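Here the structure is laid out as structure tokens; the discussion comes afterwards.
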Amino acid sequence: MTLIVIPQKGRRIVHYLDDHFALVHTPEDKEVVGLRIEAFIKALGEGLSMPLDKFDVSIAFAEPARLLRVEDDPDAATRWSLISLFPEPGYIGAIAVEGKVEQISS
């Protein structure tokens, strides 16, 4: 399991989001998408060596976190759980887990 929690303010958005996610309109959307992407590639152990255009995650702040597609792995979206976290004001996070997550508790 990969857990990433970072301060919301001052978060740098990867240029990829600006270049490829024209539908991401708000700063909150960009923060959440960036964390979802980061959680997934870190959970895979690929780091930034994984091309970011090889998979898609849900892109709206208010939308539940989901892995939508992984190129060359049609079943990946059903095998992975992607969860956005809001532990306290000013902080957001994301978890990527291969498998089902029923409950998260602190």
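Just so you know, all these numbers are worked out from the coordinates, no wet-lab data involved. Fair warning: this is a prediction, and the values are worked out from it, not measured in the lab. Note that we place each Cβ from the backbone using ideal geometry, even for glycine, and neighbour counts take in every protein chain shown.
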Two-site label geometry, Arg79 and Thr26: point separation in nm, points 7 Å out along Cα→Cβ: 3.4 nm
How far apart, in nanometres, would the label points at Lys100 and Arg69 be if each is projected 7 angstrom from Cα along the Cα-to-Cβ direction? 2.6 nm
Sequence neighbours fewer than 8 away in the same chain don't count; with that in mind, list the aspartates and glutamates whose C-alpha is under 18 Å from Lys54. Asp18, Asp19, Glu38, Glu46, Glu71, Asp72, Asp73, Asp75, Glu98
May I ask you to compute the full-extension gain from Glu88 to Ala62, defined as 0.36 nm times their residue separation minus their alpha-carbon distance, rounded to one decimal in nm? 7.7 nm
For segment 35-71, which GluC sites (Glu not before Pro) are both in a DSSP coil and crowded by at most 16 other Cβ atoms within 10 Å? Glu46, Glu71
